[in-house]
Structure formats: C-alpha cells, structure tokens
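Here the structure comes first, spelled out in structure tokens, and everything after it is commentary.
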Amino acid sequence: MIVAEQLTKRFGDKTAVSNVSFTVQPGKVTGFLGPNGAGKSTTMRMIVGLDRPTSGTVTVAGQNYAHLRSPLTEVGVLLDAKAVHTGRSARNHLRAMAATHGIGRSRVDEVIELTGIQSVAGKRAGKFSLGMGQRLGIAAALLGDPRTLILDEPVNGLDPEGVRWVRQFVRHLAAEGRTVLLSSHLMSEMAQTADHVIVLGRGQVLADAELSELVRAWTTNDVVVRSPRLSELVAALAGPDVTVTASSPGVAEISGVTAASIGDLAASLGIPVHELTSRTGSLEDAYLALTGDAVEYTSKEIA
C-alpha cells in the first residue's frame, strides 16, 4: 500500500505538488493521470525518496522508502528507462543491481526471459531502442519480485505485443494482491488496464475514484441519429433535459433520452431513421473534462 498525506513539493517559487493525499490499495491497478507538468513524476520521485517533500509524508507498506531494509524486494520502480550504465550489457546491468541485494543470477535470467529481451541481453544497453530500453527498465523493476510496483509510462515505445503484455502482466500482479501504480498518457490503454484512477492537475488531486465511477461522473451518454426528416424528429423530442447537437446535415448527437425512446417515437410518427447509435463516455472524455482548466501546456487549434 502507498499512502500520501498532504504531500507538498516546492522548487523555489514554483509549487509542483500541493497538499496531495491519496491511497494506492493492493489488489488493484491504480492509474496515475494528469497533463504534462501536473506533478505526477515529482510525486513518484517523492514516493521512492528521490525528491524530499517540502511538507507532508508518503509511505510504502507503512514505511518511509529510505527506511526500507531491502528496497528492491519491496518496491519495483521504473521512472526513467534511460537510467542505466550505457556501457554495460543488459544482463550485466541487472546482475549489478541484483548483487546489491543478494539476488541470485537465476532471477536475472528469469526477468530477462519474462520481459522478452533474451536476444539482446548480451548487448550494451546504450545501443537499445526505446522499446528495448523500456523492457530492460521493467525487468529491473521486477528483479526483486516486489510487493509494490511503480511504473511511469511503461508502454512508451513498446510495440502492440509489448503494450498488451504490460497490460496483462500488471493486472496479473494486482490479482496476486500486489500494489500497482501505473502512469500513462494513453487513455485507451489505461481504460483497459486500471481499476482505480487518480488524476492530478497543477499539482493537486482532481479525482480519486474507481475508473467506472469517474467515467460516469464526468461524461454524458448520447445517441447519434441520422434521418432525412431529422428536424421533425428533433422537434418531437424537445424537452428541458434533451440536448441536440447537429454534427452534419441530417445527423445529430442527442443526449437526455435513450436510443430506444428515440426509435419508438420515430416509428410512431412514421419518420425514417437511417442510424441510431448509442455512444457512452470514455476515460479520455472524462479526463479531458476534468483537466480542461488544469493544462499548463496547450497546443494551437488547427482551423
């Protein structure tokens, strides 16, 4: 379990994290989301003692990370896949890490096989592609068979097979009762992986909820309707709770009423309907609604 209480970090005049409190429960994959500059990486660094909090506390399994007697076997961490000795082979990098905790070479061979880097294990890590570097970083995080896993953008640079493997593997670890904190900007992937979601924005917690609850609270369901007599149908549907947004000639997105009700009404009025598609909100929709006012870096809209 990871517990943060009133966690704050300032760098000079800039407050990167402000009074952040949350609990990452074992047995679940917890997604850690937020725009660039939201404070996710700083928070992760504070969890594992790389940054000292200005105020507040954070513990792993009830202890400050710096007080763990065998950190590698307690917490597996991937924050920067490039943090390796570029002149060492992948195997020797892992063996050097293992030696600090008395972990045998057989375990090194296990994580090499587990992460699929057998064919490059003898090559210098500095020559690795982004995807291979990520796999080596995951192997290092798994080396001590830890009860807690903290992964920052683990699927960055991975091919589809690698992305799927990470998803299945972290869910397997959570099912074993381990604590998993996973950061990613890939909303579609996070939607398939996470059970619980913590969203940061401008250094503060914007949401901390089960994924399904978050989506339900921050999105609306609508129905895409296509009809040659759309205006008649819309007029018949008019009501205080019904919202209609025209998307193209003869097509509209309607919220506040179900597809079944629209279909029944159209049939009763003899109005032909060429499309009637229910559309539910996604994690991406909820995330954008949540963080719309908390984005520090924005791109110019393309006209």
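For Val215, are the conditions met, namely being modelled with pLDDT under 95, outside the structural domain of Thr15 (by TED's automatic domain parsing), surrounded by 13 or more Cβ atoms within 10 Å (Cβ to Cβ) and not in a loop (DSSP other than H, G, I, E, B)?
Working: modelled with pLDDT under 95: yes; outside the structural domain of Thr15 (by TED's automatic domain parsing): yes; surrounded by 13 or more Cβ atoms within 10 Å (Cβ to Cβ): yes; not in a loop (DSSP other than H, G, I, E, B): yes.
Judged against the criteria, Val215 is a match.
Quickly run through segment 226-281 and pick out the residues that are of a type outside the set (Ser, Thr, Tyr) and in contact with a His (Cβ under 7 Å, 6 or more places away or on another chain).
Quick first cut of segment 226-281, residues of a type outside the set (Ser, Thr, Tyr) only: 226, 228-230, 232-242, 244, 246, 249-254, 256-257, 259-260, 262-267, 269-276, 279, 281.
The answer is Arg226, and nothing else.
Let me confirm something: among Val199, Val163, which residue is in the same structural domain as Ser106 (by TED's automatic domain parsing), surrounded by fewer than 22 Cβ atoms within 10 Å (Cβ to Cβ) and outside any loop (DSSP other than H, G, I, E, B)?
Matching residue, one of Val199, Val163: Val163.
So, Gly62, is that one of a type outside the set (A, V, I, L, M), surrounded by fewer than 18 Cβ atoms within 10 Å (Cβ to Cβ), within 14 Å of Ala4 (Cα to Cα) and in contact (Cβ under 8 Å) with a residue 24 or more places away in the chain or not? Walk me through how you get there before you give the answer.
Working: of a type outside the set (A, V, I, L, M): yes; surrounded by fewer than 18 Cβ atoms within 10 Å (Cβ to Cβ): yes; within 14 Å of Ala4 (Cα to Cα): yes; in contact (Cβ under 8 Å) with a residue 24 or more places away in the chain: yes.
Taking the combined requirement at face value, the residue satisfies it.
Please determine, by comparing only the residues of segment 227-238 that are under 15 Å from Leu265 (Cβ atoms) and not hydrophobic (A, V, I, L, M, F, W, C), which one is surrounded by the fewest Cβ atoms within 10 Å (Cβ to Cβ).
In this case the residue turns out to be Ser231.
Could you figure out which of (1) more than 16 Å from the chain's Cα centre (by Cα); (2) closer than 14 Å to Gln204 by Cβ isn't true of Thr42?
(1)
Under 9 Å between Cβ atoms, at least 6 apart or on separate chains: pull out the pairs that start in segment 162-174 with a residue that is farther than 18 Å from Asp145 by Cα and end on any residue that is in a helix (DSSP H, G or I) and not small (Gly, Ala, Ser).
Pairs found: Gly162/Gln134; Gly162/Arg135; Val163/Glu189.
Modelled with pLDDT of 90 or more, touching a strand residue (DSSP E or B) at 6+ places or on another chain (Cβ under 9 Å) and either assigned by TED's automatic domain parsing to the domain that holds Met44 or exposed (fewer than 14 other Cβ atoms within 10 Å of the Cβ) (or both) - does that describe any residue in segment 107-120? Before you say what the answer is, go through the steps one by one.
Filtering segment 107-120 down to residues modelled with pLDDT of 90 or more leaves 107-120.
Checking the rest, the ones that are also touching a strand residue (DSSP E or B) at 6+ places or on another chain (Cβ under 9 Å) come to 120.
Still in the list and also either assigned by TED's automatic domain parsing to the domain that holds Met44 or exposed (fewer than 14 other Cβ atoms within 10 Å of the Cβ) (or both): 120.
Yes, the conditions are met somewhere in segment 107-120.
Condition (residue is over 13 Å from the mean Cα position of the chain (by Cα), closer than 20 Å to Val75 by Cβ and not in a loop (DSSP other than H, G, I, E, B)) applied to segment 23-31: is it met by at least one residue?
Taking every residue of segment 23-31 in turn, at least one turns out to be over 13 Å from the mean Cα position of the chain (by Cα), closer than 20 Å to Val75 by Cβ and not in a loop (DSSP other than H, G, I, E, B).
One line per residue, one yes/no per condition, for (1) without any contact (Cβ under 8 Å) to a residue 12 or more places away in the chain; (2) assigned to a strand (DSSP E or B); (3) of a type in the set (Asp, Glu):
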| site | (1), (2), (3) |
| --- | --- |
| Pro240 | yes, no, no |
| Ile254 | no, yes, no |
| Val257 | no, no, no |
| Ser261 | yes, no, no |
| Ala266 | no, no, no |
| Val273 | no, no, no |
| Ser278 | no, yes, no |
| Gly281 | no, no, no |
| Ala286 | no, no, no |
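Please pick out the residue among Leu72, Leu79 that is in contact with a strand residue (DSSP E or B) (Cβ under 9 Å, 6 or more places away or on another chain), assigned by TED's automatic domain parsing to the domain that holds Met190, of a type in the set (A, V, I, L, M) and in contact (Cβ under 8 Å) with a residue 60 or more places away in the chain.
Values: Leu72 fails: in contact with a strand residue (DSSP E or B) (Cβ under 9 Å, 6 or more places away or on another chain).
Sole residue among the options that is in contact with a strand residue (DSSP E or B) (Cβ under 9 Å, 6 or more places away or on another chain), assigned by TED's automatic domain parsing to the domain that holds Met190, of a type in the set (A, V, I, L, M) and in contact (Cβ under 8 Å) with a residue 60 or more places away in the chain: Leu79.
The values are calculated or read from the model by the stated rules, or taken from the named source; none is laboratory data. Computed from a predicted structure; not experimentally measured. Methodologically, a virtual Cβ is constructed for each residue, glycine included, from the backbone with ideal geometry; neighbour enumeration extends over all protein chains shown.
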